[in-house]
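The values are calculated or read from the model by the stated rules, or taken from the named source; none is laboratory data. As the structure is a prediction and not an experimental result, all values here were calculated from the model. Cβ atoms come from the backbone with ideal geometry, glycine included; neighbour counts cover every protein chain shown.
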Amino acid sequence: MTTPDRETIGVIGTGYVGLVTAAGFAELGSDVWCIDIDAAKIERLRAGEVPIWEPGLAECLERNRGRLHFSTDVADALEHARLLFVAVGTPPTYSGDADLSAVHAVVAAMPPSEHHALVMKSTVPVGTGAAIRRAFAEQGKDGFRYVSCPEFLKEGSALTDFLAPDRVVIGDGSDWAGDAVADLYRPLLTPEHGGQGVGELVRTDIASAEMVKLASNAFLATKISFINEIANVCEETGADVLQVARGMGLDDRIGPKFLQAGIGFGGSCFPKDVSALKQLAGNSGYHFQLLNAVIEVNELQKRRVIGKLEKHLGSLVGQRIALLGLAFKPNTDDMREASSLVLAARLTAAGATVVAYDPVAEEEARHLMHGVEFASSALAALEGADAAVLVTEWPEFAELDPAAIAAALRGDVLIDGRNALDPVAAQAAGLRYEGIGRAV
């Protein structure tokens, strides 16, 4: 049953953001109409199948099945809800701009209305809201309202992030729609904003809300590329990046988050949003030099692993290399822009045989990786390999006995691409351990 004071909403798009948004609002007591053009996906969702892997999501959807409705017809959402949350894909094009074709299709599908609003969850370039409002005016839909409400969900903790947000950003035209969206999030907001949660409410204009999303992700990506460059300098100078990052992170102006050196960032947000902001700046006549460096460092960081392997093995022709982890981060099956894709391709091109294991992402990986053997466990992947590379820091890899790793490998090279393993224990087991920016 819908909670009496909770408004029914629509969610257009049942991908990652759409499903988490739907599950979160259903958990808060709203009826939710979920719309997608993919009929097969809708049927799976009606049957209780969840097409993505995210901790707690399947359980939340099952717990709230009575409040969740799935359809391919946007008219169903329009009939039952005045707020339609848009969560369709906006992937990058070859030029680096966001592909807004799915957004435009949603706009075109809306009828003239005085009491409906689109609430944009999809990440879009700054200026998209203004363009949509112009399109509504040109199509005789002036009464249709528009709100920018960017999402800040982290894969692996998305449902928790939804239910305990650090901020809720709402950009609108100072009309009823922005107030209605704020009311929906009210239980998750701080007491000074009328709620009982921890989330700060940021009310702003539409363009600023759009920029908050892009700027936030670009800054975090910059922080990652910065510590990766520091790690590379540490390797040349004998410093240890873990100690350096700890000393930096204790400064509250810097903070410890996103100071974990590794083999580069991936996923559906950082690469796309950094590229989108760089392209947006370029289209506006501004050359965003810093973001060029962030992108370049991230790409080079993945390829430095190849150099580390060649340093220990020489030519990679005929070598068997095990990749531990394939998803771009732990606790997700998302393979978008994953470092493993670059590593596998480069290793294969260098003449190596690649065997890989991931506890969750294998099914997704099989669609994207060709010429790669997939193992049933970490130790099975290591069996007979000349070297191993830890790519994704799944907790189970940190629990592996170094002696068991050494016994399974044919060789003795272990590249810890996420600084997730104990170097002393690895070396004691006879492994040639190399991390990222480690002084060991």
*Would you point out which residue out of Ser225, Ser208 is of a type outside the set (Phe, Trp, Tyr), closer than 24 Å to Ala327 by Cα and in a helix (DSSP H, G or I)?*
Ser225
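Here is a check on your reading of the model: is Val20 of a type in the set (A, V, I, L, M, F, W, C), surrounded by fewer than 24 Cβ atoms within 10 Å (Cβ to Cβ) and touching a helix residue (DSSP H, G or I) at 6+ places or on another chain (Cβ under 8 Å)? Break it down stepwise before answering.
On the way: of a type in the set (A, V, I, L, M, F, W, C): yes; surrounded by fewer than 24 Cβ atoms within 10 Å (Cβ to Cβ): no; touching a helix residue (DSSP H, G or I) at 6+ places or on another chain (Cβ under 8 Å): yes.
Spelling it out, it is not the case that Val20 is of a type in the set (A, V, I, L, M, F, W, C), surrounded by fewer than 24 Cβ atoms within 10 Å (Cβ to Cβ) and touching a helix residue (DSSP H, G or I) at 6+ places or on another chain (Cβ under 8 Å).
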*Val124 passes all but one of (1) over 30 Å from Ser275 (Cβ atoms); (2) buried (at least 21 other Cβ atoms within 10 Å of the Cβ); (3) not basic (Lys, Arg); which number fails?*
(1)
*Out of all the residues in segment 128-140, is one or more out of contact with any Asp or Glu (no Cβ under 9 Å at 6 or more places or on another chain), in a helix (DSSP H, G or I) and crowded, with 20+ Cβ neighbours inside 10 Å?*
yes
*Could you list, in sequence order, all residues of segment 355-391 that are touching a strand residue (DSSP E or B) at 6+ places or on another chain (Cβ under 7 Å) and β-branched (Val, Ile, Thr)?*
Val355, Val372, Val389, Val391
_I'd like to check something: does segment 179-188 contain any residue that is surrounded by fewer than 16 Cβ atoms within 10 Å (Cβ to Cβ), at pLDDT below 95, farther than 30 Å from Gln289 by Cα and touching a strand residue (DSSP E or B) at 6+ places or on another chain (Cβ under 9 Å)?_
no
*Is it the case that Gly171 is at pLDDT below 95 and under 20 Å from Ile9 (Cβ atoms)?*
no
*Please identify the pairs in which a residue from segment 349-362 that is over 11 Å from Ile321 (Cβ atoms) has its Cβ atom under 7 Å from the Cβ atom of a residue that is part of a loop (DSSP other than H, G, I, E, B) and of a type in the set (Asp, Glu), counting only partners at least 6 apart or on another chain.*
Val360/Asp333; Ala361/Asp333
*In segment 245-267, what count of residues is obtained for those that are more than 23 Å from Arg304 (Cβ to Cβ) and hydrophobic (A, V, I, L, M, F, W, C)?*
2
*asked:* Suppose the filter is at positive phi, in contact with a helix residue (DSSP H, G or I) (Cβ under 7 Å, 6 or more places away or on another chain) and at pLDDT 95 or above; does Gly255 pass it?
replied: yes
_Within segment 198-237, considering residues that are of a type in the set (Val, Ile, Thr) and under 22 Å from the mean Cα position of the chain (by Cα), the one surrounded by the most Cβ atoms within 10 Å (Cβ to Cβ)_ = Ile227
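Determine whether Leu201 is over 26 Å from Asp99 (Cβ atoms) and touching a His at 6+ places or on another chain (Cβ under 8 Å). Explain how you work it out, then say what you get.
On the way: over 26 Å from Asp99 (Cβ atoms): yes; touching a His at 6+ places or on another chain (Cβ under 8 Å): yes.
Yes.
Scanning segment 247-299 for residues that are among the aromatic types (Phe, Trp, Tyr) and assigned to a loop (DSSP other than H, G, I, E, B), which turns out nearest to the chain's Cα centre (by Cα)? Spell out how you get there, then give the answer.
Applying the first criterion (among the aromatic types (Phe, Trp, Tyr)) to segment 247-299 yields 258, 265, 270, 286, 288.
Checking which are assigned to a loop (DSSP other than H, G, I, E, B) leaves us with 258, 265, 286, 288.
Details: Phe258: 14, Phe265: 10, Tyr286: 27, Phe288: 23 Å.
Looking at the filtered set, the residue picked out is Phe265.
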